[in-house]
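Enquirer: Starting off with a structure, shown below.
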Amino acid sequence: MSEKVLAAVRTGPSRTEIRDYPMPEIPADAALLKMEVAGICGTDVKLYKAPPSAEPVIMGHETIGVIAKAGTEFVRRKGFKEGDLVFVEHYVMCGRCEWCHLGQYRHCENTDWRNNPDAIRYGYTSARKSPHLWGGFAQYVYLPWNAVLHRVPQGMTPELAGLVTPMANGVEWSLFDGGVGYDSAVLIQGPGQQGLSQTVVCRQAGASLIIVTGTTKDAARLRVAKELGADFTIDVQKEDPLARIREITAGRGVDVVLDCTAGAGTIPILLGIEALKRKGGTMVVQGELKEFPNFPLERMTTKFVTLKSARGHSYKACELALAQISSGKAVLTKVTTHRFGLKDVDLAIKSVGGQGVPDVIHASLLPWK
Ligand SMILES: [Zn+2]
Ligand SMILES: [Zn+2]
């Protein structure tokens with residue numbers, strides 16, 4: 001094993017440097033992950049452009065790798081050993097709170113970087129914090145006793161396993177939060193990796209109508225949406241989406257709206273409220289706009305709309321995502337479109353954000369390339 005670990009470190013807004021870190025000591029209750037694939041998502045695009053702190057950070061929070069070294073206590077407690085291919089959740093839990101006992105590590109204070117300055121979360125925690133390897137854009141990642149691991153099923157490639165995060169979000173947001181199921185009519189706004197994952201999950205869950213919206217530059221992604229199970233796609237720059245949704249649903253509207261747009265401001269929320277059925281629809285949103293002038297609260301309450309917040313995924317959702325990918329029922333190689341090496345992290349993130357390499361849906365970062 002080499003003495004140095006190479007990592008791509010975010011050192012400022014839209015700035016990356018390749019740095020090296022010492023190979024960490026692995027105590028009995030910890031392990032070392034040799035990286036295979038780090039997925040890149042819309043959150044990376046956001047955090048790269050506008051970092052939440054000035055700290056140097058090894059980004060990469062969708063982490064697939066092989067356990068290269070595991071302490072005896074780690075093996076005994078966690079049931080994983082050297083050579084196992086695993087998906088690591090980016091939430092590093094406390095193991096004591098209610099959320100942890102529920103498998104909802106996403107809500108644990110130990111990983112809440114917004115409110116807890118000592119929080120540990122892969123892809124977010126400062127690389128100054130020992131032993132430094134807290135992100136997937138590196139050759140190795142440190143796994144303390146409280147890392148949350150999932151076994152990657154036999155035969156699944158690391159690149160496909162790299163879709164666990166968007167697929168787990170798909171399960172969490174559409175099925176658990178949105179309540180999508182048999183005969184649901186669903187509007188999915190945004191055909192990126194997240195919207196496409198929702199499409200696959202909603203189809204598998206028995207939705208009878210799936211409409212996916214996008215813009216003109218999303219033409220290739222909208223085609224993939226169709227191939228993955230969307231019944232209709234709408235280019236919102238060419239057609240009036242609300243009129244089209246009403247036409248498709250014979251005026252009824254949809255049961256569930258899932259907002260998977262990036263940087264589209266208030267428009268998807270306003271469209272969602274109008275596109276929902278007359279009473280009792282559900283909308284799952286992930287926007288983090290500081291302000292929403294003229295929010296149509298009256299329209300929302302009188303339509304009896306339930307508004308929910310998309311916040312990552314639970315343990316269960318990750319397991320179901322792995323099962324979905326493993327089933328081979330959807331041709332997910334249509335989603336894993338691009339690969340980048342460690343030196344191209346900057347280009348990779350920008351490409352996922354729609355600048356750089358065109359038509360990227362899901363980018364896999366291969367830290368050894
Ligand atoms: Zn992500
Ligand atoms: Zn906890």
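The values are calculated or read from the model by the stated rules, or taken from the named source; none is laboratory data. Since the structure is predicted, the reported quantities are computational estimates derived from the model, not experimental observations. Here the Cβ is made from the backbone with ideal geometry for all residues, glycine too, and neighbour counts use every protein chain on show. Ligands, DNA and RNA are stripped out before the accessible areas are found, and what is left, the full protein with its side chains, is counted by its heavy atoms. Shrake-Rupley method; radii C 1.70, N 1.55, O 1.52, S 1.80 Å.
Enquirer: Amide H neighbours of Lys308 under 5 Å, at least 5 residues apart or on other chains, H built in the peptide plane: list them.
Expert: Under 5 Å from the amide H of Lys308: Met283, Val284, Val285.
Enquirer: How big is the Rg/Rh ratio for segment 1-142, C-alpha atoms only, Rh by Kirkwood, two decimals?
Expert: Ratio of gyration radius to Kirkwood radius for segment 1-142: 0.95.
Enquirer: Can you report the principal axis dimensions of segment 255-369 using only the alpha carbons, biggest first, rounded to whole angstrom?
Expert: If we take the Cα atoms of segment 255-369, the spans are 54, 34, 23 Å.
Enquirer: While we're here: Out of segment 246-328, which GluC sites (Glu not before Pro) are coil in DSSP terms and have no more than 10 other C-beta atoms within 10 Å?
Expert: Values: sites: Glu247, Glu274, Glu288, Glu291, Glu298, Glu319; in loops: Glu288, Glu291.
Qualifying residues, ordered by number: Glu288, Glu291.
Enquirer: Identify all lysines with a Cα-Cα distance to Lys277 below 18 Å; exclude those on the same chain that are fewer than 8 residues away in sequence.
Expert: Cross-link targets: Lys303, Lys308.
Enquirer: Tell me, in nm to one decimal, what length is gained between Ala250 and Arg299 on full extension, where the rule is 0.36 nm per residue of separation less the Cα-Cα distance?
Expert: Between Ala250 and Arg299, full extension yields 15.6 nm more.
Enquirer: Report, to one decimal in Å, the Kirkwood hydrodynamic radius for segment 194-255 based on all distinct Cα pairs.
Expert: Evaluated on segment 194-255, it is 11.9 Å.
Enquirer: Under the Kirkwood approximation applied to all pairs of distinct alpha-carbon atoms, what is the hydrodynamic radius of segment 25-96 in Å?
Expert: Radius from the Kirkwood sum: 13.9 Å.
Enquirer: While we're here: Taking loop as defined by DSSP and a crowding limit of 16 other beta carbons within 10 Å, which GluC sites (Glu not before Pro) in segment 62-95 fit?
Expert: Qualifying residues, ordered by number: Glu82.
Enquirer: Now a separate question. How big is the equivalent ellipsoid of the chain along its three axes, where each semi-axis is √(5λ) from the Cα gyration tensor, reported in whole Å from largest to smallest?
Expert: Square roots of five times the eigenvalues give 35, 21, 20 Å.
Enquirer: Rounded to the nearest 500 deg cm²/dmol, what is the calculated helix-only ellipticity per residue at 222 nm for the chain, with -39500 (n - 2.57) per DSSP H run of length n ≥ 4?
Expert: Working: 12 runs with 96 residues, N = 369.
-7000 deg cm²/dmol, from helical runs alone.
Enquirer: If you don't mind, another one. Looking at the P(r) of segment 71-151, how many percent of alpha-carbon pairs lie beyond 20 Å?
Expert: Working: 1057 of 3240 pairs.
Beyond 20 Å sits 33 percent of the P(r) for segment 71-151.
Enquirer: Near Lys369, which aspartates and glutamates are there with a Cα under 19 Å away, not counting those fewer than 8 places off in the same chain?
Expert: Leaving aside aspartates and glutamates fewer than 8 places away in the same chain, those within reach of Lys369 are Glu3, Glu17, Asp20, Glu36, Glu62, Glu159, Asp344, Asp346.
Enquirer: Starting at the first residue of segment 103-119, write each ³J(HN,Hα) from the Karplus equation 6.51 cos²θ - 1.76 cosθ + 1.60 with θ = phi - 60°, in whole Hz, x for Gly and Pro.
Expert: x, 9, 4, 4, 9, 5, 5, 4, 10, 8, 5, 6, 10, 10, x, 9, 4
Enquirer: Also: Provide the FRET efficiency to the nearest 0.05 for the Trp113-Phe176 pair, computing r from the beta carbons and using R0 = 22 Å.
Expert: 0.45
Enquirer: At Val331 and Glu55, where each label point lies 7 Å from the Cα along Cα→Cβ, what is the point-to-point distance in nanometres?
Expert: Between Val331 and Glu55, the simple spin-label model gives 4.4 nm.
Enquirer: Mind listing which chymotrypsin sites (Phe, Trp or Tyr not before Pro) in segment 172-218 are in a DSSP loop and have 16 or fewer other Cβ atoms within 10 Å?
Expert: Passing both the DSSP loop test and the Cβ count: Tyr182.
Enquirer: Sticking with this structure for a sec: Under a GNM of the chain (C-alpha, springs under 10 Å), which listed residue has the highest mean-square fluctuation: Val224, Val257, Val164?
Expert: Of Val224, Val257, Val164, the Gaussian network model singles out Val224 as fluctuating most.
Enquirer: Under the definition of Cα pairs under 8 Å and six or more residues apart, what whole-number percent is the relative contact order of segment 82-157? Before the final figure, lay out each step's value.
Expert: On the way: 107 pairs, mean separation 25.8, N = 76.
With pairs under 8 Å counted, the relative contact order is 34 percent.
Enquirer: Please list, or write none, the aspartates and glutamates whose alpha carbon is within less than 14 Å of the alpha carbon of Lys81, excluding same-chain residues fewer than 8 places away.
Expert: Excluding near neighbours in sequence, the set is Asp29, Glu73.
Enquirer: Let me check against my output: what whole-number percent is the relative contact order of segment 226-306, with C-alpha pairs under 8 Å and at least 6 apart?
Expert: 27
Enquirer: First compute the accessible area of the chain with a 1.4 Å probe, then give the percent of it belonging to carbon and sulfur atoms.
Expert: Ligands and nucleic acids excluded, carbon and sulfur reach 51 percent.
Enquirer: Moving on to the next point. Taking the square root of 5 times each eigenvalue of the Cα gyration tensor, what semi-axes in Å does the equivalent ellipsoid of segment 155-278 have, largest first?
Expert: In descending order the semi-axes read 22, 16, 13 Å.
Enquirer: From the Cα trace of segment 8-67, what convex hull volume per residue do you get, rounded to a whole Å³?
Expert: Working: hull volume 6.3 nm³, N = 60.
Expressed per residue, the convex hull around the Cα atoms of segment 8-67 is 105 Å³.
Enquirer: Ok, one more. Using the alpha-carbon centroid of each, what span in Å lies between segment 25-66 and segment 140-205?
Expert: 18
Enquirer: Just need the relative contact order of the chain here, percent rounded to a whole number, with Cα pairs under 8 Å and 6+ apart.
Expert: Relative contact order comes out at 18 percent.
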